[in-house]
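The values are calculated or read from the model by the stated rules, or taken from the named source; none is laboratory data. Because the structure is a prediction, the values reported are computed rather than measured. Here the Cβ positions follow ideal geometry from the backbone for every residue, glycine too, while neighbour counts run over all protein chains shown.
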Amino acid sequence: IQYGSGSCNGHLASDTLNFGGIEVKKQVFGVAETIADVFGYQPVDGILGLGWPNLAVDNVVPPIQNALPQLTQKLFTVWLDRKIKISQGGNAGLITYGGLDTKNCDAKVSYVKLSSLTYWQFPITEFSIGTHKNAKKVQVISDTGTSWLGAPTADINGMVKATSA
């Protein structure tokens, strides 16, 4: 599998997968035999993809797709904590399967139609971060599997300035 920061190679296996109180039997997953150096320095044991089947390698059905029949609501909430470092033993965030995380996320949901069933891609008409605002309609992708942020240079510079990053 090729990622933006390196690749992993291995073989496929299947097992019963348990996460968030959900059990998925006969889940196919990749067993890494070689990994890029960047992955070896991370305090995690693997990657649990939230992507669509169209993006999956070797036509493997992603775990979240296999778990859908068990979910109370067909949704998940992702909250990322930008203050706690994993290397210090803290949580980096929380994924809530089958419902809304109203403790860490806004309880008001604004649904938008996805533009693609390959990525979590959707249109936005505007956004603002601090004092930076962009009122142009654009397509965006929400991807929890990357730390990369892509946007026009003017928007990146505006976000950096507004957040003192």
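Let's see how each residue does on (1) outside any helix (DSSP H, G or I); (2) assigned by TED's automatic domain parsing to the domain that holds His11:
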site	(1), (2)
Val44	yes, yes
Ile47	yes, yes
Asn54	no, yes
Val61	yes, yes
Gln65	no, yes
Thr77	yes, no
Quiz prompt | Single condition Asn9 does not satisfy, out of (1) surrounded by 14 or more Cβ atoms within 10 Å (Cβ to Cβ); (2) free of Cβ contacts under 8 Å to residues at least 60 places away in the same chain; (3) not hydroxyl-bearing (Ser, Thr, Tyr) | solution = (1)
Exercise. Go through the range 120-138 and count every residue that is surrounded by 11 or more Cβ atoms within 10 Å (Cβ to Cβ) and over 24 Å from Ala165 (Cα atoms).
Key: 4
Quiz prompt | Filtered residues of the range 45-61 (kept if within 15 Å of the chain's Cα centre (by Cα) and within 21 Å of Leu94 (Cα to Cα)) | solution = Gly46, Ile47, Leu48, Gly49, Leu50, Gly51, Trp52
Practice problem: Inspect all residues belonging to the range 149-161 and state whether any of them is outside the structural domain of Gly21 (by TED's automatic domain parsing) and closer than 26 Å to Phe29 by Cβ. | Solution: no
Exercise. Please tell me if Thr16 is outside any loop (DSSP other than H, G, I, E, B), at pLDDT 85 or above and of a type in the set (Val, Ile, Thr).
Key: yes
Quiz item: In the range 28-57, what residues are touching a Gly at 6+ places or on another chain (Cβ under 9 Å), farther than 18 Å from Gly6 by Cα and at pLDDT 90 or above?
Solution: Phe29
